[in-house]
Structure formats: structure tokens, C-alpha cells
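Taking it in order: structure first as C-alpha cells, then the write-up.
Nothing in this text is a laboratory measurement; each read-out follows from the coordinates by a stated rule. Quick caveat, the model's predicted, so the values are computed rather than measured. Counting neighbours? That spans all protein chains shown, and the Cβs are built from the backbone with ideal geometry, glycine included.
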Amino acid sequence: MPRPYEPYIPQTTGELWDLIGGMMLDAPTFKDDSGYFPGMSIETEFRALNGGIDAVRKKIGEERHAALIALSDRMRALFEADLEDKTGDSQAGRRILYEMEDVLRPERHKGK
């Protein structure tokens, strides 16, 4: 029996930046079609995203942390409303990924 999928929780702003970039490719369902990550889902990817945001909280400060969590919540709701990528909500969710990058931008090259 395969081990349950456990997402990697980013520990630095650089890793969080990478996760946000990768989410663009797998949205809106975040299901793995390759077979390498059975159990990967919207739930596991948002657990990784929010865990990563929490992990860098001290580094980015409370205001930016709160902004990223609010964007994450809004983005997840949009993806869940358009899992078949047909209504435009998923596209709106993907645009939020760019907003998240803008919030992280000051830390982009400090990712340690």
C-alpha cells in the first residue's frame, strides 16, 4: 500500500515563491496526473501554501502574512468554484498567485 501523500511545507521565502509558481501549473484541482504523487489535491497544496506562509511569518511580518493568508483563502474559494476551469473563477484564482508574488517580492532574493 503506498504511503499517503504529504506535501512539502516551504520553510523559506524562496521555497514559498517556488511553490506559488508551481501552483500555476496544477490549478485548479492540483491533482497529479503522473502517478508520482497519488493523493495530491487542492487540500494538500493549500496545506503546503498556508504552512509555508506561516513558516515565514516572522521574516515577512504580520501585515504581509495576513495579506497572504487572505489571498490564499480567496484563491482557494475561486478554484473550488471552478474545478473544471470553465467559468473564469480559476483564471481569477491564478491571477491571485501573481498578487501573492507581489506581496513576497521584497524577499525574493533573500529566500534563505
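Along the charge dipole of region 13-110, pointing to its positive end and built from +1/-1 on Cβ of Lys, Arg, Asp and Glu, which listed residue (I60, T87, M24) has its Cα farthest out?
I60
Would you mind calculating the relative contact order of the chain from Cα pairs under 8 angstrom and at least 6 residues apart, reporting the percent as a whole number?
Relative contact order for the chain comes out at 35 percent.
Check the chain and count each lysine pair with an alpha-carbon distance under 17 angstrom, considering only pairs eight or more places apart or from different chains.
Pairs that pass both the separation and distance tests number 5.
What list do you get for V56, V103 if you sort them by fewest beta carbons within 10 Å?
With the fewest neighbours first, V56, V103 line up as V103, V56.
Divide by every residue of the chain the summed helix terms, -39500 (n - 2.57) for each DSSP H run of at least 4, and state the resulting mean residue ellipticity at 222 nm, rounded to the nearest 500 deg cm²/dmol.
Value at 222 nm, helices only: -19500 deg cm²/dmol.
When mean projected area of the Cα convex hull in nm² is calculated directly from the model, which label among [x] 10.0; [y] 11.6; [z] 7.0 fits?
From the options [x] 10.0; [y] 11.6; [z] 7.0, the structure gives [z].
With +1 on each Lys and Arg Cβ and -1 on each Asp and Glu Cβ, how big is the dipole of region 13-110 about its Cα centre, in debye rounded to the nearest 20?
It comes to approximately 420 debye.
Based on the mean of other Cβ atoms within 10 Å per residue, sort peptides 60-69, 39-48 so the most packed one is first.
Taking the mean over residues of other Cβ atoms within 10 Å, the ranking is 39-48, 60-69.
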